[in-house]
Amino acid sequence: MIADPAAAPASVRFDKWLWAARFYRTRSLAARAAETGQARINGYPAKPAHALRVGDTVSVRKHGIVQDVAVLALSDRRGSATDAALLYRESPASVAAREEELARRRAAAATEPRFAGRPTKRERRKLTDFLNEP
């Protein structure tokens with residue numbers, strides 16, 4: 001992250017900011033997300049080279065979960081996660097929706113059976129013995 005706010009650029013490429021803010025691991029993934037509409041600026045799809053400015057709102061959809069964030073600072077360099085967290089602020093409604101969706105997914109996963117595929121030979125023998133009991 002840039003230490004001196006006066007030296008901060010007035011705008012940054014959208015894909016670079018997504019990468020620097022650690023929404024995506026690589027710039028190519030960030031660019032692909034922008035191209036496919038998974039990442040949007042102010043509610044509209046934007047190209048990877050679109051100029052992002054402070055005050056814009058960015059929506060990022062990953063794995064069916066949408067994060068709506070406000071851009072607080074610009075950076076074209078990827079830093080630590082603590083530095084990246086200073087680049088944006090997630091809206092309270094987005095945080096609540098994300099946590100609700102994660103809780104729903106955890107509950108759904110807890111109700112699914114935990115079989116790891118086909119039974120082993122030992123498990124098949126036990127099952128056969130159990131089913132063949134009088």
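We did not get these values from a lab; they are worked out from the coordinates using the rules stated. All figures in this text were calculated on a predicted structure; none of them were measured in a lab. Virtual Cβ from ideal backbone geometry, glycine too; neighbours counted across all protein chains shown.
Length available on full extension from SER28 to LEU86: 0.36 nm per residue minus the Cα-Cα distance, which gives 18.6 nm.
Neighbour counts of C-beta atoms inside 10 Å place THR36, THR57 in the sequence THR36, THR57, starting with the fewest. Here the dipole of the chain is about 680 debye; that uses its Cα centre as origin and unit charges on the Cβ of Lys and Arg (positive) and Asp and Glu (negative). Quick one: order LYS126, LYS16, LYS121 by neighbouring beta-carbon count within 10 Å, fewest to most. Exposure proxy ranking, most exposed first: LYS121, LYS126, LYS16. Based on C-alpha pairs under 8 angstrom that are at least 6 apart in sequence, the chain has a relative contact order of 22 percent.
Report, in degrees rounded to the nearest 10, the 0 to 90 angle that the Cα long axis of helix 27-36 makes with the longest principal axis of the chain. The helix 27-36 is inclined about 90 degrees to the chain.
Counting other Cβ atoms within 10 Å as a rough exposure proxy, the listed residues PHE130, PHE14 run PHE130, PHE14 from fewest neighbours to most. Could you work out which residue, out of PRO92, PRO48, PRO113, moves most in a Gaussian network model of the chain, that is, has the largest mean-square fluctuation with Cα springs under 10 Å? The residue with the greatest mean-square fluctuation here is PRO113.
Each 10 Å bin from zero holds the following percent of Cα-Cα pairs in region 5-112: 15, 46, 28, 9, 2, 0.
Per-residue extension of 0.36 nm, minus the Cα-Cα distance of GLU35 and ALA10, leaves a gain of 6.7 nm for this segment.
Could you give the nm distance between label points at ALA103 and GLU133, where each point is 7 Å from its Cα heading toward the beta carbon? Rounded to a tenth, the inter-label distance reads 4.1 nm.
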